Amino acid sequence: MKLFLALSPRLRPVPQPEPPQHLNPFESVPVARANGRAPLTASWFPAAAAHPKGARGAVLLLHPWLVWGKAYFHLRGRIEALRNAGYHVLAPDFAGFGGSGAPRGFFDQDVESALELLHHRAGGLPLHVWGVSAGGYWAHPVLSRTDLVAGAMFEDVAPHLLEWSWRVAPLGRPFYLFFRACFSGAYRYLDARRHAGLASLAAVTYISGEKDRGVRPEDTRTLAELAGARHRIVPGADHLSSIKTAGEEVIGLALETFRLAEERRSGAVLDGLEDRTGEIEPPPAPAADLLEETFLLK
């Protein structure tokens with residue numbers, strides 16, 4: 001783990017901001033970790049009280065490898081959309097981020113601890129995971145060994161973090177080779193492709209950007225194929241920018257994925273979605289664009 005952290009992108013510690021006013025109400029909750037390790041910090045956002053059918057499920061949001069930790073989700077509308085759709089939301093800080101304790105063991109253990117808390121708080125409601133980049137990556141080993149989770153949404157997830165580093169930070173290649181040669185068991189364990197097909201999820205969607213050097217479109221297609229999942233490659237998007245380029249589409253696909261997972265777990269069939277796997281077609285162009293294209297063709 002020390003070598004893995006040494007090979008990971010360096011992040012400076014920054015103060016963790018509180019959720020903004022528009023995300024009230026929320027609750028700061030500790031996530032207990034095993035073996036006496038210091039807990040993780042997390043924010044709990046209850047489902048919107050005005051939802052006509054009450055809470056329908058709970059979602060674990062797992063942040064990317066950025067200094068803001070769980071505060072990454074304060075922007076871009078994921079939390080608001082989930083709550084308005086009837087979902088409770090738990091957003092933890094990984095070890096070493098925010099006020100969480102120091103890392104000890106691989107970060108999938110943090111995902112497992114947070115999932116246990118979500119399961120306890122959800123009171124029997126369906127559980128889902130929405131992981132972005134490193135957050136989604138570390139969810140893969142956990143989802144391959146539990147059946148608690150119904151659906152998952154993954155943004156910009158690499159098949160292997162050291163393969164991602166090989167392309168994005170080539171100066172470290174001798175050390176990546178050393179890790180692979182001397183810690184071959186750990187290297188194999190860290191391969192998300194080995195876990196993607198073992199998860200008992202009812203519905204999964206992968207999204208990544210067309211111009212992402214670290215997570216290439218073929219990487220996303222491979223993970224989706226192994227998981228029997230749908231995928232979407234967002235044109236022109238780089239790493240972590242799919243949500244900026246196509247925010248409404250990304251959020252809509254997540255809600256659709258979770259709804260489909262619930263329908264499948266309950267034995268129902270959601271019209272038009274039951275057999276959807278493979279690449280997702282882009283949304284139709286607005287009418288104005290279609291008129292412009294027709295004019296140019298003429």
Discussion item. Of the residues Leu75, Leu148, Leu115, Leu66, only one is of a type in the set (A, V, I, L, M, F, W, C) and without any contact (Cβ under 8 Å) to a residue 12 or more places away in the chain; which?
Written reply: Leu75
Response to the item:
Scanning segment 187-203 for residues that are of a type in the set (D, E, K, R) and not in a helix (DSSP H, G or I) gives Asp191
Fill in: Boolean, Glu281 is modelled with pLDDT of 95 or more, among the acidic types (Asp, Glu) and farther than 21 Å from Pro126 by Cβ
no
Worksheet item: Are any of the residues in segment 13-20 touching a strand residue (DSSP E or B) at 6+ places or on another chain (Cβ under 7 Å) and part of a strand (DSSP E or B)?
Response: no
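Within segment 21-72, which residues are in a helix (DSSP H, G or I) and among the small types (Gly, Ala, Ser)?
Matches in segment 21-72: Ala34, Gly36, Gly69, Ala71.
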Discussion item. Could you check segment 46-67 and list, in sequence order, the residues that are closer than 21 Å to Glu112 by Cα and within 17 Å of the chain's Cα centre (by Cα)?
Written reply: Gly57, Ala58, Val59, Leu60, Leu61, Leu62, His63, Pro64, Trp65, Leu66
Practice prompt. Among the numbered conditions (1) under 18 Å from the mean Cα position of the chain (by Cα); (2) surrounded by fewer than 24 Cβ atoms within 10 Å (Cβ to Cβ); (3) of a type in the set (D, E, K, R), tell me where Glu155 comes up short.
Written response: (2)
Item to complete: Evaluate segment 71-88: report whether one residue or more is in contact with a Pro (Cβ under 7 Å, 6 or more places away or on another chain), buried (at least 24 other Cβ atoms within 10 Å of the Cβ) and at pLDDT 95 or above.
Response: no
Worksheet item: Which residues, taken from segment 211-229, are within 23 Å of Leu255 (Cα to Cα) and in contact with a helix residue (DSSP H, G or I) (Cβ under 6 Å, 6 or more places away or on another chain)?
Response: Leu223, Leu226, Ala227
Fill in: Which listed residue is surrounded by 24 or more Cβ atoms within 10 Å (Cβ to Cβ), closer than 18 Å to Leu40 by Cβ, in contact with a Leu (Cβ under 8 Å, 6 or more places away or on another chain) and among the polar types (S, T, N, Q), from Ser113, Ser100
Ser100
Worksheet, complete the sentence: Residue pairs within 6 Å by beta carbon, gap of at least six or interchain, first lying in segment 206-233 and over 13 Å from Val168 (Cβ atoms) and free of Cβ contacts under 8 Å to residues at least 24 places away in the same chain, second aliphatic (A, V, I, L, M) and not in a loop (DSSP other than H, G, I, E, B), listed first then second, are Pro217/Ile233
Discussion item. Tally up the residues in segment 203-215 that are surrounded by 20 or more Cβ atoms within 10 Å (Cβ to Cβ) and in contact with a strand residue (DSSP E or B) (Cβ under 7 Å, 6 or more places away or on another chain), please.
Written reply: 8
Practice prompt. Please find, within segment 234-264, the residue that is surrounded by the most Cβ atoms within 10 Å (Cβ to Cβ) out of those that are outside any helix (DSSP H, G or I) and either out of contact with any Leu (no Cβ under 9 Å at 6 or more places or on another chain) or without any contact (Cβ under 8 Å) to a residue 24 or more places away in the chain (or both).
Written response: Val234
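Do we have Lys211 as among the basic types (Lys, Arg) and within 18 Å of Leu62 (Cα to Cα) here?
Criteria not met by Lys211.
The values are calculated or read from the model by the stated rules, or taken from the named source; none is laboratory data. Just so you know, these numbers come straight off a predicted model, no measurement behind them. Neighbour counts are summed over all protein chains in view; Cβ atoms, including those assigned to glycine, are modelled from backbone coordinates with ideal geometry.
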